[in-house]
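Below is one structure; the comments refer to it alone.
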Amino acid sequence: MNWRKWLDGFVLAGKGILLATKEKRFWAGFVPSFIFFGTLLNFLSGGLSNYEMMKLIGFPANLQIIGKSFLGIFGINVPFLDWLYVFAITLLQSILIGLIVFLWHKKRHSAVTTKSGVTPVKSPAKSSAVPANATSNSANVEKAGIITGLIALGAGCPTCGTTLITPLVGAIFSSSSLAITGTISTIVTIIAIIVAVLSLKRIGEETYVIIINEKYLERKHRGQSKNN
């Protein structure tokens, strides 16, 4: 593997993410995702305890639990290390979904432009580190779904054994297998983060190429308009 070329891909991905943050479509996907996943992960920080409590206390009081989970996104009444963990994972997932929404809009717009008779032109930007065939929207959504599932499974408190996989581990091994539960939860979370980072690399590269290509087409169009 050409490590320098592979690392250059992360640089392009970073540039693509920065360029995407200047677009409203990115934030349309990022903000709802950040609120939803941040609240969900804080809600699941105690495994299923909040869910069980909500079934007992009724609707009005349920809003307090949800509100507390929402405020946890900003570190309110949450230990710093726990907040940092949830914030980092939520940020990765939200950026990924923001890019997926952005790319979906751009590809849809590109398809409409192509049907109208305008042929896309390849960008002169260096994109050798980017695969020739861009990933489809369905594949991107599938990756985001896998990451979400892994993050949810690893959510909770691994050290105290209150993760969502605790019942499963207890059924296979024993109800006192807290060490095994913590280890599996940590592994699942690490896998989720690795998949998220690699997905961000690929989708970020694709975002960079699409944005640069779009700017190139705009400059070319303006140049042709002046010549005419």
Show me 76-84, 93-101 ranked by packing, highest mean number of other Cβ atoms within 10 Å first.
93-101, 76-84
So for the range 46-92, using the alpha carbon gyration tensor with a ≥ b ≥ c as root eigenvalues (a/c under 1.5 gives rounded; past that, a/b versus b/c decides prolate or oblate), I'd call it prolate
At 1.4 Å probe size, with the rest of the protein present, what percent of the exposed accessible area of the range 1-42 is carbon and sulfur atoms?
68
How much length is gained if the chain between Met53 and Trp27 is pulled fully straight, taking 0.36 nm per residue apart and subtracting their Cα-Cα distance, in nm to one decimal?
6.0 nm
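Sort largest first and round to whole Å: the equivalent ellipsoid semi-axes of the range 1-97, each the square root of five times a Cα gyration tensor eigenvalue.
Each semi-axis is √(5λ); the values are 34, 15, 11 Å.
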Label Leu7 and Ile191 with points 7 Å out from Cα along Cα→Cβ: what is the distance between them in nm?
2.9
Quick one: 3J(HN,Hα) in Hz for the range 97-108, Karplus 6.51/-1.76/1.60 with θ = phi - 60°, rounded, Gly and Pro as x.
5, x, 5, 5, 5, 4, 5, 4, 5, 5, 5, 5
Modelling each spin label as a point 7 Å along the Cα-to-Cβ direction, I'd like the Phe36/Ala61 distance in nm, to one decimal.
2.9
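The values are calculated or read from the model by the stated rules, or taken from the named source; none is laboratory data. Here the structure is a predicted model, which means the values were calculated and not measured. Cβ sites come from the backbone with ideal geometry, for glycine too, and all protein chains shown count toward neighbours. We work out accessible area using only protein heavy atoms, side chains counted, and drop any ligands, DNA or RNA first. Shrake-Rupley method; radii C 1.70, N 1.55, O 1.52, S 1.80 Å.
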